[in-house]
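Written below as structure tokens is the structure these notes are about.
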Amino acid sequence: MNARCRQPVVNVTKKKLKGPAAPADGPEVASRGASGGTPTFGAAFPAVLDAARADAPWAYQRLFDWLSPAVVGYLRGRRAEDPDGLANEVFLRVFRNLPRFEGNEGAFRSWVFTIAHHVLADDCRRRRRRPALAEGELPDIAGPSSTEADALAHIGLSRVSLLLDELSPDQRDVLLLRVVADLTVDQVAHTLGKTTGSVKQLQRRALATLRRRLRTADPEHVGDPVDVSAVLAAP
């Protein structure tokens with residue numbers, strides 16, 4: 001998809017699901033992943049998933065709170081006009097299709113971002129003929145310390161959005177899904193319907209572009225160094 005989706009400045013407003021609160025001993029997001037990135041439920045995930053399939057509102061809320069920041073960050077990074085509204089649409093589709101899902105916690109995260117990618121594509125098709133909006137705020141990226149994040153670690157806030165815009169749509173998708181969604185190369189390939197080799201090539205080219213731009217950037221316009229994991233994961 002070559003259409004570019006631009007966004008206005010918005011405030012993140014999480015969907016508040018109605019219903020009774022989670023039980024006092026209900027599973028919470030327990031820990032960070034092995035890479036220190038996306039939080040995980042760990043052994044509690046099957047219980048949360050089963051409760052959501054049984055239509056327990058607290059379980060819906062747990063799943064939404066767990067992944068919605070990263071979903072919104074991915075949509076913002078792709079210049080969605082209304083990332084919060086689209087994130088709500090993503091989770092409505094997720095919850096409607098829970099009976100069809102099979103897999104573990106990692107597979108669920110990958111599945112959610114596959115749906116997010118499809119929702120974004122649908123939205124871009126609807127808005128293709130609309131006038132472009134002004135540039136919006138930076139994407140919220142929550143991810144581990146990684147090659148992708150390190151490649152961005154010494155640029156200022158004002159440069160992050162410009163650098164993402166210099167990538168091709170496929171390169172931007174791969175980078176955002178690797179850093180924002182904390183997906184593996186295999187999971188990104190599944191989400192985008194590409195081979196792992198293609199994903200690795202797109203990632204290499206994206207990182208090469210970022211490094212080249214960083215080397216040639218005028219220091220006076222780069223801004224202060226920033227920690228990507230802190231800056232782009234801001235709520």
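The values are calculated or read from the model by the stated rules, or taken from the named source; none is laboratory data. This one's a predicted model, so the numbers in the text were calculated from it and none came from an experiment. FYI the Cβ positions are ideal-geometry reconstructions off the backbone, even for glycines, and counts take in every protein chain you see.
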Just wondering, is there one or more residues in the stretch 218-229 that are modelled with pLDDT of 70 or more, part of a helix (DSSP H, G or I), within 30 Å of V90 (Cβ to Cβ) and hydrophobic (A, V, I, L, M, F, W, C)? no
Residue list for the stretch 183-201, filter: crowded, with 22+ Cβ neighbours inside 10 Å and in a helix (DSSP H, G or I): Q187, V188, T191, V199
List the helices (runs of 4 or more DSSP H) that sit entirely inside the stretch 30-125 and contain at least 1 residues that are in contact (Cβ under 8 Å) with a residue 40 or more places away in the chain and buried (at least 22 other Cβ atoms within 10 Å of the Cβ). 57-77, 83-96
Taking the stretch 166-186 and the residues there that are in contact (Cβ under 8 Å) with a residue 24 or more places away in the chain and of a type in the set (D, E, K, R), the one that is nearest to R212 (Cα to Cα) would be E166
